[in-house]
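Heads up, the thing below is written out as structure tokens.
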Amino acid sequence: MIEYETNPSSFFIENKGYVESIVQQLDELGATYSGYCNAYGYDVEATFRKNLFTYQLQFIKAQVTQNGVYIPKNSHNHLETRFIVTGLYAGPHFSLGKSYLRRWFMPQQFLSKIPKPFFLKMAVSDDETLTDRLIQLILNFEPGRLKRMDEKLSGRLHIPLTDVHGFVKLLESISK
């Protein structure tokens with residue numbers, strides 16, 4: 001259940017609209033969810049099972065104020081979507097994220113395919129489809145971090161996720 005702290009603010013109306021669209025998609029997936037929404041942001045946590053995988057999603061928006069020494073600085077919005085997928089089959093371990101430094105150490109095979117500033121750390125394999133799916137994930141969602149270890153895939157996006165179904169479908173294709 002989502003707790004709404006009602007406010008006539010345009011910020012609350014915008015946040016509420018986003019949360020309601022996410023909740024509608026989560027209902028279609030049969031998810032259980034909880035959280036809050038107010039004029040400053042929202043925090044919604046959801047869990048559901050689909051095709052033998054368990055998904056945990058967390059949608060976060062928070063307004064962060066920066067302290068100035070003499071003059072207060074403006075605040076900014078922190079947007080983040082965290083996700084964990086468990087129950088995966090054995091597959092290649094990889095790590096993906098944004099770093100110019102780590103990009104220097106990428107195999108040449110990935111260097112020409114992965115757009116800057118992203119890096120991909122993975123054993124070089126013949127599985128071109130996985131690499132293509134990871135590139136599609138980078139282009140569509142710009143993940144801040146994505147990591148697959150053993151039977152778990154986790155990561156963070158720093159954009160508001162609007163198409164939960166499309167995102168889950170892409171994660172499924174990466175998880176196989």
- Query: Any idea what the dipole of region 91-149 comes to, in debye rounded to 20, about its Cα centre with Lys/Arg Cβ at +1 and Asp/Glu Cβ at -1?
  - Reply: 360 debye
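Given R₀ = 25 Å, FRET efficiency for THR6-GLU45 by Cβ-Cβ distance, to 0.05?
That pair, THR6 with GLU45, gives E of 0.75.
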- Item | Label-to-label distance, nm, for residues given as GLU128 and GLU172 (7 Å Cα→Cβ offset) | 2.5 nm
- Message: Could you tell me the ratio Rg/Rh of region 91-149? Both radii from Cα atoms, Rh via Kirkwood.
- Response: 0.90
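Counting other Cβ atoms within 10 Å, which chymotrypsin sites (Phe, Trp or Tyr not before Pro) in region 62-167 have at most 15 and lie in a DSSP loop?
Filter output for region 62-167: TYR70, TYR89, TRP104, PHE105.
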- Debye intensity ratio I(q)/I(0), log10, the chain, q values 0.15, 0.16, 0.20 Å⁻¹ (C-alpha model): -0.91, -0.99, -1.28
- GLN108-TYR89 pseudo-label distance in nm [points 7 Å out on the Cα-to-Cβ vector]: 3.3 nm
- Message: Using only the alpha-carbon atoms, how far is helix 10-28 inclined from the longest principal axis of the chain? Give it as 0 to 90 degrees, nearest 10.
- Response: 50 degrees
- Give the residue from LEU101, GLY91, LEU146 lying farthest towards the positive end of the charge dipole for region 91-149; charges sit on Cβ (+1 for Lys and Arg, -1 for Asp and Glu) and the dipole is referred to the Cα centre. LEU101
- Message: Tell me the angle of helix 128-141 to the major Cα principal axis of the chain, expressed in degrees between 0 and 90 and rounded to the nearest ten.
- Response: 20 degrees
- Over 24 Å (Cα to Cα) among LYS116/LYS152; LYS113/LYS169; LYS50/LYS152; LYS121/LYS152 -> LYS116/LYS152
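Laboratory data are not the source of any read-out in this text; all were calculated from the coordinates shown. These numbers were taken from a predicted model, which means no experiment stands behind them. Note that we place each Cβ from the backbone using ideal geometry, even for glycine, and neighbour counts take in every protein chain shown.
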